[in-house]
1. Give all pairs with beta carbons closer than 9 Å in which a residue from segment 310-323 that is closer than 17 Å to GLY105 by Cβ meets a residue that is within 7 Å of the ligand (Cβ to nearest atom) and in a helix (DSSP H, G or I); count only pairs at least 6 apart in sequence or on separate chains.
2. Do we find that ARG264 is more than 25 Å from GLU154 (Cα to Cα), assigned to a strand (DSSP E or B), within 14 Å of the ligand (Cβ to nearest atom) and at pLDDT 95 or above in this structure?
3. Any idea which of (1) over 25 Å from LEU284 (Cα atoms); (2) under 17 Å from the mean Cα position of the chain (by Cα) is the one ILE134 doesn't satisfy?
4. Answer with yes or no whether VAL129 is within 16 Å of the ligand (Cβ to nearest atom), surrounded by 15 or more Cβ atoms within 10 Å (Cβ to Cβ) and not small (Gly, Ala, Ser).
5. State whether the residues of segment 249-256 include one that is away from the ligand (no atom under 16 Å from the Cβ), touching a Gly at 6+ places or on another chain (Cβ under 9 Å) and either over 27 Å from ASN40 (Cα atoms) or not aliphatic (A, V, I, L, M) (or both).
6. Just to be sure I understand, how many residues within segment 36-69 are out of contact with any Asp or Glu (no Cβ under 6 Å at 6 or more places or on another chain), part of a strand (DSSP E or B) and away from the ligand (no atom under 16 Å from the Cβ)?
7. From the set of residues in segment 211-248 that are of a type in the set (A, V, I, L, M) and under 22 Å from TRP106 (Cα atoms), which is surrounded by the fewest Cβ atoms within 10 Å (Cβ to Cβ)?
8. Keeping to segment 154-203, report how many residues are modelled with pLDDT of 95 or more and closer than 22 Å to SER217 by Cβ.
Amino acid sequence: MVVLTEPDIDHLPIIINSCKSPSFFNDIPVIDLSKPDSKNLIVKACEEFGFFKVVNHDVPMEFISKLESEAIKFFSSPLSEKLKTGPADPFGYGNKQIGQSGDIGWVEYILLSTNSEFNYQKFASVLGVNPESIRAAVNDYVSAVKKMSCEILEKLAEGLKIHPTNVFSKLLMDEKSDSVFRLNHYPPCPDIQEFNAKNLIGFGEHTDPQIISVLRSNNTSGLQILLKNGNWFSVPSDQNSFFINVGDSLQVMTNGRFKSVKHRVLTNSVKSRLSMIYFGGPPLSEKIAPLPSLMEGEESSLYKEFTWFEYKKSAFKSRLAENRLTLFEKF
Ligand code: GA4
């Protein structure tokens, strides 16, 4: 069980959400990666929801548990110690402040770049461990999840009948791939009833800017997705599976055929939620544009040309809930 940081009630009114609790989304597409028809089911899920769950993956449970226990140790340590590894600018330890534009959530997190030598020494000193131990836990987990993400992206290309099938996965495999890894801890907030609030925002609604996001959480619900019918649905937690969502870049590369899904996290009033998310992104110099092989007949691009660097620069200045692609739309 995660040991919790005491909730800071001062911030509560800012992040109360008065909406009524949505129902559980029980029809989430479940993709069994070991099945031959998974490629078509992945395409269908990306078209319908931009979201699906993956089972029968090859990510070793041992990597997940090791990283989870390192994360629990870290988030359980005194705030003064954790703050020494922050602020998140954007990388490092962050507490309630998300991004650089004033968004706030009932969350503390660690944000890391997967390809730069982040200063693990700082995390290790808080954890009282050898820096190699935390670096190894993150590396093992991220390598395994990246491998699975590439497998999914290759199946997706196959399902779309695109050649070569590594058209998406090669962007994550590139040594300059600009991918990010995040550990989020949402402490429970038992006092929200006092404020007449039904829900408290842990991480406000947003889409992910990258190509693909891969989320694993402990057995605490909180994740919600916005469906095309305009309603929010809660995603039942499942600690043995991964949840995948389409990011803005994949939406553009498929010329809007896949939609990056809006999602958010509400805090649980009793249990602590811990999630680990890998955001697979392209190299900074990569041009993000619809794949010519996906454009049918006279179909023209819905987006102006841009590089991942340009998109990222504007995305990181935006507010969480903004539609970051509007700036790059042609019509
Ligand atoms: C959302 C997806 C990833 O968590 C993230 C987030 C980033 C951050 O936490 O710094 C952003 C957010 C995310 C999109 C808009 C900007 C940037 C916070 C924010 C307000 C790491 C990312 O790549 O984009």
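1. Within 9 Å, the pairs are GLU322/ALA315.
2. yes
3. Just one mismatch for ILE134, condition (2).
4. No, not satisfied.
5. From segment 249-256, those away from the ligand (no atom under 16 Å from the Cβ) are 253-256; that's our starting set.
Next cut, touching a Gly at 6+ places or on another chain (Cβ under 9 Å) only: none.
Looking for residues that are away from the ligand (no atom under 16 Å from the Cβ), touching a Gly at 6+ places or on another chain (Cβ under 9 Å) and either over 27 Å from ASN40 (Cα atoms) or not aliphatic (A, V, I, L, M) (or both), one finds none in segment 249-256, hence no.
6. Looking only at that region, the number is 3.
7. LEU226
8. Going through segment 154-203 one residue at a time, the tally reaches 10.
The values are calculated or read from the model by the stated rules, or taken from the named source; none is laboratory data. Just so it is clear, the structure is predicted and the values come from calculations on it, not from any experiment. Positions of Cβ are generated from backbone atoms using ideal geometry, with glycine treated the same way; all protein chains shown enter the neighbour counts.
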